[in-house]
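Computed from the coordinates by the stated procedures, all read-outs in this text should not be read as laboratory data. Keep in mind the model is a prediction, meaning the values are calculated, not measured.
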Amino acid sequence: MKSIVILISGRGSNMEAIVRACAAEGWPARIAAVISNRPGAAGLAFAASHGIPTAVVDHKAFSGPQAREAFDAELQRVIDGFAPDLLVLAGFMRILTPGFTAHYADRMLNIHPSLLPSFTGLHTHARALEMGCKFVGATVHFVTAELDHGAIVAQAVAPVQAGDDEDSLSARVLKLEHRMYPAAVRWFVQGQLAIEGGLVRQTAGESQAFS
C-alpha cells in the first residue's frame with residue numbers, strides 16, 4: 001500500500017480528481033495527507049470532508065534572505081511526518097529549492113498546463129494564443145530543481161478553436177488534466193513507470209498521450 005501526500009495552494013481540482021479516482025478504482029494506495037501553503041485553500045475542506053488529514057505550512061510566516069529554504073525545510077518536515085512514497089503537486093504555487101527537490105527525487109510529480117518543454121512558467125495559454133499555437137495541452141512530469149522540467153510521464157493535447165481565449169483554453173485543458181493526472185499517479189503506485197535514459201516508459205503498455 002503506497003502512501004500519497006498532495007500539495008495544493010487553492011481549490012485543488014486535480015487533487016479532487018486523484019482522491020476520487022483512488023477510491024473509485026481501488027488503487028493500492030491511500031491519500032495520507034493534503035497540505036497547503038495557504039490557510040484558506042478551498043481544497044483543504046474537500047480533503048477533510050473525505051477523512052483525509054490536512055496541514056498548513058503558511059509561506060507568509062517565513063521572511064528574510066533564507067525564507068525559501070526555511071519554508072521548504074518546515075514543509076519537508078511536515079510531509080515526512082506522513083511517510084509518503086509519492087509527493088504530488090496539484091496547483092502548488094511555490095518554486096521549490098534544490099535541496100527539497102533532491103530529497104523527493106523520482107517520487108514527486110507535477111502537472112503543468114502546457115506541452116513541455118514549451119511555455120514553462122505562468123500564463124501558458126495566453127502565451128500560446130499570442131504565438132498562434134494550433135494545439136495546447138498539459139504535461140505530467142517528475143519534478144527537478146529546474147522549473148517545469150524533469151522526465152515527462154504523460155501529455156494531453158487539445159485543439160485551439162476559433163474564438164478561444166485564455167479562460168476557454170484553460171477549461172478545456174483542465175478536463176483533460178482530470179483524466180491524465182490520476183492515471184499518472186495510478187501508474188506510479190502500481191509500479192508501472194520506468195525512467196530509462198531520462199525518458200519515462202509506461203511498462204504496462206497504456207498510452208502516455210491523452211486527448
Check: Which far-off residues, 5 or more places away or on another chain, put their amide H under 5 Å from the one on ALA158, with H placed in the peptide plane?
Finding: VAL136, GLY137
Next item on the list: Taking amide H positions as placed in the peptide plane 1.01 Å from N, state which residues far from THR144 in sequence (5 or more) or on other chains have amide H under 5 Å from it.
Entry: HIS149
Check: Check ALA29: other-chain or 5+ apart residues with amide H under 5 Å from its amide H, H built from backbone geometry?
Finding: LYS2
Checklist line | Integer Hz, Karplus 6.51/-1.76/1.60 couplings in order for the range 42-49, x for Gly and Pro | finding: 5, x, 5, 5, 4, 4, 4, 5
Next item on the list: For the range 164-173, take each phi angle, set θ = phi - 60°, evaluate the Karplus expression 6.51 cos²θ - 1.76 cosθ + 1.60, and give the result in whole Hz per residue in order, putting x for glycine and proline.
Entry: 5, 10, 4, 5, 5, 5, 4, 5, 5, 5
Item checked: Value at 222 nm in deg cm²/dmol, rounded to 500, when DSSP H runs of n ≥ 4 in the chain each add -39,500 (n - 2.57) -> -10500 deg cm²/dmol
Check: Using θ = phi - 60° and the Karplus form 6.51 cos²θ - 1.76 cosθ + 1.60, what ³J(HN,Hα) does each residue of the range 63-77 get, whole Hz, x for Gly and Pro?
Finding: 9, x, x, 10, 4, 4, 5, 5, 4, 4, 5, 5, 4, 4, 4
